[in-house]
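For reference, the structure discussed in these notes is given below.
Please treat every number below as a calculation from the coordinates, not as lab data. Please read all numbers here as calculations on a predicted model, not as lab measurements. Cβ: placed from backbone, ideal geometry, glycine included. Neighbour counts: every protein chain shown.
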Amino acid sequence: MADRSRGQAENRFLSGPILPPLVKFALPLMLSLLLQALYGGVDLAVVGRFSPTESVAAVATGSQVMQAATVVVTGLTMGVTVLLGKAIGAGDRETAGCVVAGQVRLFTLVAVVMTLVMVTFAPQAARFMNVPESAIPETVRYVLICSGGMVFITAYNAISGIFRGIGNSRSPFLFVSIACVVNIVLDLLFVGVFRLDASGAALATVIAQAVSVVFSAGYMRRRPLPFQVTRDSFRRKGMVGRILKVGAPIALQDFLVNVSFLIITSIVNTLGLVAAAGIGVSEKLYVFLSIVPMAFMSALSAFVAQNMGAGKPERAVRSLFIAQGISFSFGVVMFLLTFFAGGQLGSLFDNDPAVIEATAAYMHGSSFEYLMIPLTFCFLGYFNGREHTTFVMVQGLASAFLVRIPVSYFLSRLPDTGMFLISLAVPISGLVNILLCTAWFLLLRRKDKAAEALGKTH
């Protein structure tokens with residue numbers, strides 16, 4: 001018990017001011033997300049400068065397909081981060097080792113299955129998304145090449161999830177920094193010099209991911225973890241199931257929400273090649289512009305998990321409000337940028353005036369989402385840290401499939417419809433997200449206070 005108390009006292013997640021350790025943890029996550037976004041962003045920007053519009057549409061659509069596959073891995077990783085964070089907060093090193101052992105077993109299977117699925121269904125995915133006929137061959141090639149990197153995507157996320165669970169967000173930032181530099185150099189070489197178009201961009205991404213994994217694995221071997229993973233760790237039964245219980249709802253939600261974005265993209269793709277490129281650029285910009293709330297969502301998952309494991313629920317709530325305040329201030333800035341300067345932002349990825357105009361029109365309507373996602377994402381991070389991942393899944397699916405997709409389809413069928421009108425489905429679904437999250441948070445607070453009162457009476 002003395003060791004546990006001493007470990008907690010040394011952990012800034014569990015004692016002292018909340019703002020400094022939360023921001024210190026979130027900042028490397030922001031930078032990591034920024035660099036991860038550059039993977040696809042640089043691909044699209046370089047292809048937009050050196051290749052025809054068909055290649056731009058191929059990269060825009062193909063990267064969305066790969067993102068839908070990747071979020072399955074990142075969702076499961078959240079299960080590892082939360083369980084590991086709770087074990088660290090409770091001072092239970094044995095369980096921490098078992099969590100990592102369960103992750104190794106689970107993620108090996110996931111990497112194999114995801115690779116086979118992506119390679120098998122790449123052509124069907126391209127046609128499902130109504131990719132313009134001229135862009136289908138390049139889209140398929142892009143997805144097939146990137147699919148070869150699923151094992152590296154899985155391994156990188158597995159290692160990063162371990163570091164985040166123990167409260168270390170700096171190391172994952174280092175890993176992705178190396179990968180991003182490699183990706184940029186190879187993009188310019190393969191696309192700008194060798195003119196390999198979308199295939200060159202995909203090849204650059206895969207090689208960069210492989211370099212990142214090799215470096216991160218070597219780094220972890222040189223810097224021992226605060227617990228041991230032994231043969232006995234692999235023999236502990238039920239750990240894979242626990243990871244799946246927490247991570248699977250997040251993975252399923254993230255996957256299906258990304259599928260909903262693919263469906264919306266397919267709806268917009270029916271408007272033509274320019275519209276297809278325009279929404280692709282808009283989605284790429286979304287990844288960059290939502291980095292701050294996404295970082296605080298991940299930071300809160302680990303922060304809240306450790307505090308709940310240490311029996312400090314009120315500290316977890318205070319961290320939620322602090323994160324929401326910081327995220328919302330950035331959200332206001334992102335709203336102003338996208339509402340008034342959507343075209344200028346789009347020009348960073350494509351120099352075609354028609355594509356820039358389509359991007360600006362879509363972002364003019366979707367810009368209101370940036371006022372909502374800071375609050376929603378922080379709520380989701382808090383719920384993840386408390387292992388309420390089933391609700392996270394339900395709210396995400398409800399807003400996507402009951403609101404965003406039907407509204408997008410309805411607006412796309414109206415006379416004289418266009419990118420602006422269709423984009424209004426985005427803030428409408430965002431409003432639904434906020435309402436659902438607020439209601440669930442208030443319900444949890446009522447239950448927490450009731451449990452506290454019951455404990456005092458006994």
About its Cα centre, region 185-290 carries a charge dipole, from +1 on Lys and Arg Cβ atoms and -1 on Asp and Glu Cβ atoms, whose size in debye to the nearest 20 is 880 debye
Helix 150-165: inclination vs the chain longest Cα principal axis, degrees, rounded to 10, gives 40 degrees
Excluding residues fewer than 8 positions from K86 in its own chain, the lysines with Cα under 19 Å of it are K237, K245, K312
Helix 389-399: inclination vs the chain longest Cα principal axis, degrees, rounded to 10, gives 30 degrees
Per residue convex hull volume, Cα only, region 212-271, in Å³ is 143 Å³
The chain: longest segment with zero exposed trypsin sites (Lys or Arg not before Pro), where exposed means DSSP loop plus at most 13 other C-beta atoms within 10 Å, is residues 1-194
The chain: relative contact order from alpha carbon pairs under 8 Å, six or more residues apart, as a whole percent, is 22 percent
Cβ density ranking, 10 Å radius, fewest first, applied to V99, V403, V181, V46 yields V181, V403, V46, V99
In the chain, taking the dipole from +1 charges on Lys and Arg beta carbons and -1 charges on Asp and Glu beta carbons about the Cα centre, the listed residue (Y370, V47, V59) farthest towards the positive end is Y370
Computed over the chain: longest principal axis from alpha-carbon atoms vs helix 93-128 long axis, angle to nearest 10 degrees, is 20 degrees
Spelling it out for R386: with amide H atoms placed in the peptide plane at 1.01 Å from N, the residues 5 or more places away or on another chain with amide H under 5 Å from its amide H are none
Placing each pseudo-label 7 Å from Cα in the direction of the beta carbon, A453 and R12 end up separated by a distance in nanometres of 3.8 nm
